[in-house]
Amino acid sequence: MRTHSSTSITKRLIIASLSMMALLLAATGIAIDRAHTTSLISAEQDQLRLQFFGLLGAMEWQNGSVDMGDRLKEPRFWQFRSGLYAQVRLRNGTPLWQSVSSETIPLPMPENSPRGGQELFSEIQVYKEPFFVFQYHAVWETEDDREIPLIFSLYSSQTSVINERKKFQNQLTLWLGLVLSISLLVTALILYWGLRPLRDLATDLKRLESGDTSKLQPDYPRELKGITRNLNQLLDKEKKQRERYRNTLADLAHSLKTPLAILKGSNNKDAAVIEQIDRMDNIINYQLKRAVSSGKQNLSGRILLYPLLQRLCNTLEKVYRDKSLQFQLLLDEQQVVAIDEQDAMELFGNLLDNASKACKHRIVISGENNSSTSKIYINDDGPGISEEFRERLLKRGIRGDQYGQGQGLGLAIVGDIIDSYEGSIRFNDSDLGGACVELSLPK
């Protein structure tokens, strides 16, 4: 069971909320900044329009030229390079007048000119600095009733607008960052409170795994009650099924005790028969012990693997004497595995019995050790196992041979024992031409 899922959900929700909120605030900041910039530019255009009306009111036409005198009230027109410049020119571009502030500055002529009676607002570079330029095409009527087209151009530096925009952007970034931080904190608190039932469920699942409780608590929110109710029903069903299995196994083993005792009391002196009867007695006692045990397997005991496999091989040589089996043990005689001896007999007995049925004559058992596990390889020279059939072998009712013998329980029992010790089993192709069973068990 994955008990860390609620933490992962919390992290994902916080990251998703933070991302969405950051994108929303970024889009909001961009929209506000553009609106503010548009407002600044519009205000600058209005200001230049007012300056134009001031020029128009102060201008007089004398002797074919423009005369402003000292009637201009805007002091920046009289200050040297003040950032506000004005020019009056004919429609063909001939300058008639320009402000004192721009006397040493060659004012560039804008690319486009307005039509008569119209204004035009644009941007331009003056000495490689950004400026706004306001143009108005006026028709001046002289005293002798002549109409002279004049273009008024006012240039205003963008420095103040740029500085104002940067200042506003810094303040906007500060406030939006503060809003993001507060929103993130509030969102985290809401998620932490809202996902508390999932954390409680993860805690209960962990206690369920460790065996500290047998079912989930009922006091969960309405959204989780369906899940917890179904899980509790599944746990109850599994518990009853496990109890039925243990009771059936105990009844079967107990019913075999009497006929086995009769066999043991007979006068049969055959050593092989006596050995098999003793083995059956051990198996029955072992199954009785498993039937009344519901905990995990004990990994504290360790057994030597070599003598156990040697006993099994000697027995199988007698059982399959018609095949003239050749067992080859390539194991370290000191190799140990952390497994109960009866479990090991059941495990390797089933595997070696299957290998004996499948092989032609030869079975090779080898092994290797690493820091925490022991690996055992059982190779035979039989026909092998097809890849599509390998994954089904450990299922109950599936036989690994084609002889029609058994009920298909041997390999299922092998799988149960392997799982109880947190080991693994794999079926591969063998160098001998048949199948190779690879076991991994705790050392």
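The values are calculated or read from the model by the stated rules, or taken from the named source; none is laboratory data. These numbers were taken from a predicted model, which means no experiment stands behind them. With ideal geometry, Cβ positions are generated from the backbone for all residues, glycine too; neighbour counts draw on all protein chains shown. With ligands, DNA and RNA removed, areas are computed over all heavy atoms of the protein, side chains included. Shrake-Rupley method; radii C 1.70, N 1.55, O 1.52, S 1.80 Å.
Which order do the peptides 181-189, 345-353 take when ranked by the mean count of other beta-carbon atoms within 10 Å per residue, highest first?
345-353, 181-189
How about the stretch 96-153: which chymotrypsin sites (Phe, Trp or Tyr not before Pro) there are in a DSSP loop, with at most 15 other Cβ atoms within 10 Å of their Cβ?
Working: sites: TRP97, PHE121, TYR127, PHE131, PHE132, PHE134, TYR136, TRP140, PHE152; in loops: TYR127.
Qualifying residues, ordered by number: TYR127.
How many percent of all Cα-Cα pairs in the stretch 61-146 sit more than 21 Å apart? Spell out each step's value before the answer.
Working: 1263 of 3655 pairs.
When every Cα pair of the stretch 61-146 is considered, 35 percent fall beyond 21 Å.
With the Cα gyration tensor of the stretch 1-105 in hand, give its eigenvalues times 5 under a square root as the equivalent ellipsoid semi-axes, listed largest first in whole angstrom. If you can, show how the numbers build up before the last one.
Details: eigenvalues 749, 28, 27 Å².
So the equivalent ellipsoid measures 61, 12, 12 Å along its semi-axes.
Could you give the accessible area per residue of the stretch 1-150, probe 1.4 Å, as a whole number in Å²?
I get 61 Å² per residue for the stretch 1-150.
Work through the residues other than ARG165 whose Cβ is under 13 Å from its Cβ and net out their charges, Lys, Arg +1 and Asp, Glu -1. Please report the intermediate quantities before stating the final value.
Details: positive: ARG34, LYS166, LYS167; negative: ASP33, GLU44, GLU164.
Once all neighbours under 13 Å are counted, the net charge is 0.
Report the local net charge at VAL100: Lys and Arg +1, Asp and Glu -1, summed over other residues whose C-beta lies under 13 Å from its C-beta. If you can, show how the numbers build up before the last one.
Numbers: positive: ARG76, ARG81; negative: ASP70, GLU74, GLU103.
Net of charged neighbours comes to -1.
Give me, ordered by chain and number, the residues 5 or more places off TRP97 or on other chains with an amide H under 5 Å from its own placed amide H.
Residues meeting the criterion, in which the H sits 1.01 Å from N, are VAL88.
Looking at this model, which pairs from LYS318/LYS360; LYS215/LYS237; LYS318/LYS375; LYS215/LYS240; LYS318/LYS357; LYS206/LYS443 are more than 18 angstrom apart at the alpha-carbon? Write out the running numbers ahead of the final one.
On the way: LYS318/LYS360 16 Å; LYS215/LYS237 12 Å; LYS318/LYS375 27 Å; LYS215/LYS240 13 Å; LYS318/LYS357 13 Å; LYS206/LYS443 27 Å.
Table pairs above 18 Å Cα-Cα are LYS318/LYS375; LYS206/LYS443.
For the stretch 327-337, just list the computed ³J(HN,Hα) in residue order, Karplus coefficients 6.51, -1.76 and 1.60, θ = phi - 60°, integers in Hz, with x standing in for Gly and Pro.
8, 10, 9, 10, 10, 5, 5, 9, 5, 10, 9
Could you work out the local net charge near ASP332, counting Lys and Arg as +1, Asp and Glu as -1, over the other residues with Cβ closer than 15 Å to its Cβ? Please report the intermediate quantities before stating the final value.
Values: positive: ARG302, LYS375, LYS443; negative: GLU333, GLU368.
Neighbour charge sum, excluding ASP332 itself: +1.
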